[in-house]
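Asker: Here's a structure for you.
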Amino acid sequence: MATEDENPSQRDITAMLKDQTSACKAARDAIADGGEVMLYDGQAPHWMVFGITATRLRRSLKIGLMTLGLDETVEILRARDRDEQLRTGNIVAADRSWFFTLYFDATGSELLACSGVKNECPSRRDGQKLQL
């Protein structure tokens, strides 16, 4: 596993994806199928990561996007210390059908949660334009 001074490898990230949320298995499968994995170097304040994640959940529900573990991730982050720093990363499925977000502690050595959003155009009702 990675130490505090280095980023976890793709192999480390795969091993960290246990059962934090219902998206973990799909994220592991995406990596195994050749998905692109990226862990961002910088840290972000918890309140910002939580706010972005909660907004992503609300908007996804509003426009009808399929999600995995996003609601669970919001609850996991809600329970964390607001003054904490977090790191994030992404997994993009090889066929670009799913986009997963990884949530780590400040060192990147502990995976806290994983969420996924299906990359699709939600159906438009009555010809209305999609507005985000």
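Asker: Using a 1.4 angstrom probe with every protein chain in place, what is the largest-first accessible-area order of Leu65, Leu102?
Answerer: These residues rank, largest area first, as Leu65, Leu102.
Asker: What ranking of Tyr40, Tyr103 comes out by heavy-atom accessible area, probe 1.4 Å, highest first?
Answerer: Tyr40, Tyr103
Asker: Please check: in the Gaussian network model of the chain (C-alpha springs, under 10 Å), which one of Ala113, Ala23, Ala15 has the largest mean-square fluctuation.
Answerer: Ala15
Asker: Still on this structure: How much of Trp47 can a 1.4 Å solvent probe reach, expressed as accessible area in Å² and rounded to 10?
Answerer: Surface accessible to solvent at Trp47 totals approximately 130 Å².
Asker: With every protein chain left in place and a probe of 1.4 Å, what is the accessible surface of Arg28, to the nearest 10 Å²?
Answerer: Roughly 70 Å² of Arg28 is accessible to a 1.4 Å probe.
Asker: Diagonalise the Cα gyration tensor of the chain and give the resulting equivalent ellipsoid semi-axes, square root of 5 times each eigenvalue, largest first, whole Å.
Answerer: Rounded to whole Å, the semi-axes are 26, 18, 11.
Asker: Report the accessible area of Lys25, computed with a 1.4 Å probe over the heavy atoms of all protein chains in place, in Å² rounded to the nearest 10.
Answerer: 120 Å²
Asker: With a 1.4 Å probe and all protein chains left in place, how much accessible area per residue does the stretch 1-66 have, in Å²?
Answerer: The answer is 63 Å² per residue.
Asker: Then there's this: Could you look at the stretch 21-132 and say what percent of its accessible area is carbon and sulfur, using a 1.4 Å probe and all protein chains?
Answerer: Answer for the stretch 21-132 is 49 percent, counting heavy atoms of protein chains only.
The values are calculated or read from the model by the stated rules, or taken from the named source; none is laboratory data. None of the values given here were measured: they were computed from a predicted structure. All accessible areas refer to the heavy atoms of the entire protein, side chains included, with ligands and DNA or RNA removed. Shrake-Rupley method; radii C 1.70, N 1.55, O 1.52, S 1.80 Å.
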